[in-house]
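Below you'll find the structure, written out as structure tokens, and then a few comments.
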């Protein structure tokens, strides 16, 4: 197979660096475009030790159109992973998230159009957050009329979704045809990224695929970033001798997918003709409660700390969302390979090699409370 020239935006981060490893191993020539955000990489960050030495690193920001334009020079494939991440933070850093995610993607697409680039593939990282709540069914099997919980319900600690007649709704696997209903600025900007890329791709003949990632976990997550994935946040708390803090009652369900399975899907999206123009879920196809994540991590780490249930609600959060991955199986040939237990064991083995992370969860919670974003 001939060498391909690939650009990975956000390629120095958690998912991006794992993708870079796979691309380099495959024989591609890889350029990474990343701003080395201090919240992710630490203050005064330089090239991360885990980033493949065979990859070219271009330090720049998606909000700088000239830098984005230069990063696209001579590439054939673009993986657009760069984004500001964090549901809670997005609700009070609105302009930053919108500029980075929505406007940054606009800069990328504008450069592709202006340069009349004929890409082999554009793959954009979308997110399960764009669904808002996942699929639900009434006890009688009918479609529910209610799609979100009301503030009155949440203040009364009625965590489960209820239909108009008060019937408690049952969560079901979420397929790609479920109407989008973003509940945070972060989710809204991820929907922007996906729709913009698919729209421009169709208009200009750029083969484009959007992958809707569910809750990704694994080595290289930013442990000191309180806005990263819940597995890393809980790990950071446990390693510092503090109980994981869980909103609501801990029974909210998510789909946790290993970063290695995410990389598998990213590589397949580049190769599959059937995936072009499609938005595709990437998850494990299994659901796990948030409380179960905390308890399992404590067990694997050998820490006797039970999670602390705050009985509070964070504005922008949803109750349940887990993936129907039928489309990924059909269009990509994707099949999850890493079980939840295997993935957590790998995460813990990596944690053992790291310095004890700084725990920013308490300050994050205080910030949200001060802004009235927790109930």
To the nearest 10 degrees, the tilt of helix 340-351 (Cα long axis) against the first principal axis of the alpha carbons of the chain is 70
Which value, in Å to one decimal place, does the Kirkwood hydrodynamic radius take for the chain when every pair of different Cα atoms is included? 21.1
With equal scatterers on the alpha carbons only and no solvent term, can you work out the Debye log10 of I(q)/I(0) for the range 16-121 at 0.15, 0.16 1/Å? -0.69, -0.78
Specify the angular offset, from 0 to 90 degrees and rounded to the nearest 10, of the alpha carbon long axis of helix 230-239 from the longest principal axis of the alpha carbons in the chain. 70
Nearest 10 degrees is fine. How inclined is helix 259-271 to the longest principal axis of the chain, computing both from alpha carbons? 40
log₁₀ I(q)/I(0) of the range 107-150 at q = 0.19 Å⁻¹, via Debye over equal Cα point scatterers, no solvent, to two decimals? -0.72
Return the single residue from 177, 163, 21 with maximal mean-square fluctuation; model: Gaussian network over the chain, springs between Cα atoms under 10 Å. 177
Using Cα springs under 10 Å in a Gaussian network model of the chain, which residue among 98, 46, 174 shows the largest mean-square fluctuation? 46
Counting only the backbone N, which residues of the range 305-335 are under 15 Å from the spot 7 Å out from the Cα of residue 242 toward its beta-carbon? 306-310
Under the rule of -39500 (n - 2.57) per DSSP H run of 4 or more residues, summed and divided by the residues of the chain, what mean residue ellipticity at 222 nm is obtained, to the nearest 500 deg cm²/dmol? -10000 deg cm²/dmol
Can you give me the distance in nm between label points at residue 335 and residue 168, each placed 7 Å from the Cα along the Cα-to-Cβ direction? 3.7
Calculate the translational D of the range 169-228 in whole µm² s⁻¹ from Stokes-Einstein, where the hydrodynamic radius comes from the Kirkwood formula applied to all Cα pairs, the temperature is 10 °C and the viscosity 1.306 mPa s. 110
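FRET efficiency for residue 92 and residue 3, Cβ-Cβ distance as r, R0 = 45 Å, nearest 0.05?
Values: r = 45 Å, r/R0 = 0.99.
Efficiency, rounded to the nearest 0.05: 0.50.
Could you state the orientation-averaged shadow area of the convex hull built on the Cα atoms of the range 72-148, in nm² to one decimal? Numbers along the way, then the final one.
Working: hull surface 31.2 nm².
Averaged projected area of the range 72-148's Cα convex hull equals 7.8 nm².
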If one builds a Gaussian network model of the chain from Cα atoms under 10 Å apart, the most fluctuating residue listed among 285, 166, 343 is 166
Alpha carbon centroid spacing (whole Å) that separates the range 143-206 from the range 36-114: 26
Note down the relative contact order for the chain as a percent, whole number, built from C-alpha pairs under 8 angstrom at least six residues apart. 17
The range 294-345: D in µm²/s via Stokes-Einstein (Kirkwood Rh, Cα pairs, 10 °C, 1.306 mPa s)? 109
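Each reported figure results from applying straightforward, stated rules to the coordinates on display, with no laboratory input. Here the structure is a predicted model, which is why all the values come from computation and not from measurement. As a convention, Cβ positions derive from the backbone with ideal geometry for all residues, glycine included, and neighbour counts pool all protein chains shown.
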